[in-house]
């Protein structure tokens, strides 16, 4: 009897243990189902809802308890479901997937899977519902982020805009990119190039770039001659050279001219429009015959030189006025390249500022920086002296400013007067930004003419506390 009781107790303990393990497993399964971000929806073989998780509340906005005990057919009749994947699984006895919009307008991916018993019959249907609206939003956000990232990369490349080849060349604006692309294409041909543009736009920089990209860079020198900087009576001997004793004061051994020095290389004739008509004839002969004759010489000498000419003058107009030979003009104008003024390619301004600031800091052992408002002034200024003016101004400010950071207040007086004399808007901006620019200019003028914040307030028709606040905002101080 005791043995029977003992056996029964042992079996009871085993059943109790198994029941405990089953409850633990059930809790774990409940936790797994509940923690799923996707909806897990379980029905019996008739489509009656047995279990679902809280994710269904996020997608449909209806508490999960509402679904328990209701058939999918009843849910369709109430408009909560448009169609039932569960019904299709029961009918077709296989997995079914579909994409549909629920009654709240969310796009969902629904996949139903049958649970088959040992007899091959459907016992339950387990359905997974994924919110595609969120996924689509994430994909859209990712696409926008990638597009923004690409635009930032392009902007960084644009702002860098520096190609280090022969010297430092800024290629940031669309116009300059086209110009330097052409320069690369024509670098290795021997056709003459005529570079046109205002003073200071960088004609000599472009000429050096063409030389650096050409095969002649390995064979000869880049020689520059400014035709407007040498007196006319000396220009011929500088260009063509002279024989010993050719004129009073001449070297007894004679001297090579620039054309000879540039043999196998490139001669850059800057301000070519300043050549006299007599020298134009002699230069034309050199271009035609590929030979020169020194001053005082009786024989000619062959030279292999490529000519790049530059001018800030209108050579066509000079031809019409009889000041420049038409045949020479066409000889020089085989490949014309016009460099726009700096005000016409403002995308180059900020990269040029960084380049010149870096060069000047390195040259003088400085570590100056430029604040945002000064950069803004530089960007909006019209630069009548072009790149050369910008370079000289930055060097001047680096050397004359005491502070570490260069600001608008450090500008030379002539630039401050220009800054305060007119408003120049070169691109669309918000009204708030435009008002702030105008406000800062008016206040900049006021601090240079008034002695107190009360005077400024009276002159501008506002309160003194407002003036104090505005001066602090724009970092302006009354001139003592």
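The values are calculated or read from the model by the stated rules, or taken from the named source; none is laboratory data. Please read these numbers as outputs of a predicted model, since none were measured by experiment. Cβ placement follows ideal geometry from the backbone for every residue including glycine, while neighbour counts extend to all protein chains displayed.
Descriptive notes on the structure:
- Qualifying residue in segment 325-336 (condition: buried (at least 19 other Cβ atoms within 10 Å of the Cβ), outside the structural domain of residue 440 (by TED's automatic domain parsing) and in contact with a strand residue (DSSP E or B) (Cβ under 7 Å, 6 or more places away or on another chain)): yes
- Candidates 75, 25, 81, 29 - the one that is modelled with pLDDT under 90 and in contact with a helix residue (DSSP H, G or I) (Cβ under 7 Å, 6 or more places away or on another chain): 81
- Strands (runs of 3 or more DSSP E) enclosed by segment 150-244 - at least 2 residues per element that are at pLDDT 95 or above: 193-196, 222-226
- Counted residues, segment 181-203 - those being closer than 19 Å to residue 388 by Cα and buried (at least 17 other Cβ atoms within 10 Å of the Cβ): 8
- Wholly enclosed strands (runs of 3 or more DSSP E) of segment 13-109 bearing at least 1 residues without any contact (Cβ under 8 Å) to a residue 24 or more places away in the chain and within 17 Å of residue 126 (Cα to Cα): 49-52, 96-101
- Filter result for residue 374 (closer than 22 Å to residue 477 by Cβ and in a helix (DSSP H, G or I)): yes
- All positions within segment 438-480 that are in a helix (DSSP H, G or I) and touching a residue at least 40 places away in the same chain (Cβ under 8 Å): 440
- Candidates 285, 293 - the one that is over 23 Å from residue 196 (Cβ atoms), touching a strand residue (DSSP E or B) at 6+ places or on another chain (Cβ under 9 Å) and free of Cβ contacts under 8 Å to residues at least 12 places away in the same chain: 285
- Condition met for residue 269 (in contact with a helix residue (DSSP H, G or I) (Cβ under 7 Å, 6 or more places away or on another chain) and either without any contact (Cβ under 8 Å) to a residue 60 or more places away in the chain or not assigned by TED's automatic domain parsing to the domain that holds residue 331 (or both)): no
- Only a single item in (1) farther than 23 Å from residue 236 by Cβ; (2) surrounded by fewer than 15 Cβ atoms within 10 Å (Cβ to Cβ) is not met by residue 346, and it is number (2).
- Set side by side, the residues 408, 398 differ, and just one is crowded, with 19+ Cβ neighbours inside 10 Å, touching a helix residue (DSSP H, G or I) at 6+ places or on another chain (Cβ under 9 Å) and farther than 28 Å from residue 203 by Cα, which is 408.
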